[in-house]
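All remarks here apply to the structure that follows.
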Amino acid sequence: MKKSKIVTIVIIVAIVLAIYLWFKSGYNAMVMKQEAVQAQWAQVENVYQRRADLIPNLVATVKGYAEHEQGTLTAVIEARAKATGVTIDPSNITPEQLAQFQEAQDQLSGALSRLLVSIERYPDLKANENFMALQSQLEGTENRITVERQKFNETAMDYNQYIRKFPRNIIASMFDFEKVGYFKAQAGSEVAPKVEF
């Protein structure tokens, strides 16, 4: 009788220990993946901040040459202010917040594009070394933004898949691990632009 009680206790302890280890490893993996998403989000914000930091210098350079582009310059400055004013809590990145952030950044991208197109009318400005350096830095930053957004989406996908798979979704729901949103293509980007000569 005594031996069967010991065996029963050992089995119960082993089961409880196995469940504890399963919960512990699942929870810790979710924390690590959530931290990876937050770190990648910080990198996305970093490259967007780099772009925002370049804009005042670009505007100041253009202002000296293109006095007739005041409306375009004002639009860039306003779009920059709006874009830098939208912040997201990295511990709670919802699809709605991400869409709001992306919309503000897209407006800034559009304003910058209009500014760069309007500059074509100013050959002296296009030849200015400061402007050329700023334009080059801005182009490089736009490429970095694309890369970091892609990395964020990959990190978010890994995290989202992990917390949604059974039986880890039980742990995720118990400890409020929420799905993270993704960056999406700008509306209308699936349609190729018309090129006319």
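Bear in mind that the values in this text are calculations on the coordinates, not laboratory data. Predicted model, so just to flag it, every value in this text is computed and none were measured. All Cβ positions, glycine included, derive from the backbone under ideal geometry; neighbour counts span all protein chains shown.
Residues of region 103-150 being of a type in the set (D, E, K, R), surrounded by fewer than 13 Cβ atoms within 10 Å (Cβ to Cβ) and within 29 Å of ALA42 (Cα to Cα), which ones? GLU139 - this is the single residue of region 103-150 that is of a type in the set (D, E, K, R), surrounded by fewer than 13 Cβ atoms within 10 Å (Cβ to Cβ) and within 29 Å of ALA42 (Cα to Cα).
The criterion of being surrounded by 16 or more Cβ atoms within 10 Å (Cβ to Cβ), of a type in the set (Ser, Thr, Tyr) and either touching a Gly at 6+ places or on another chain (Cβ under 7 Å) or farther than 30 Å from ILE163 by Cβ (or both) does not hold for THR94.
In region 58-91, the qualifying residues are those that are among the hydroxyl-bearing types (Ser, Thr, Tyr) and assigned to a helix (DSSP H, G or I), and the one that is surrounded by the fewest Cβ atoms within 10 Å (Cβ to Cβ) is THR74. Taken as a whole, region 65-79 holds at least one residue that is more than 30 Å from VAL180 (Cα to Cα) and in contact (Cβ under 8 Å) with a residue 60 or more places away in the chain.
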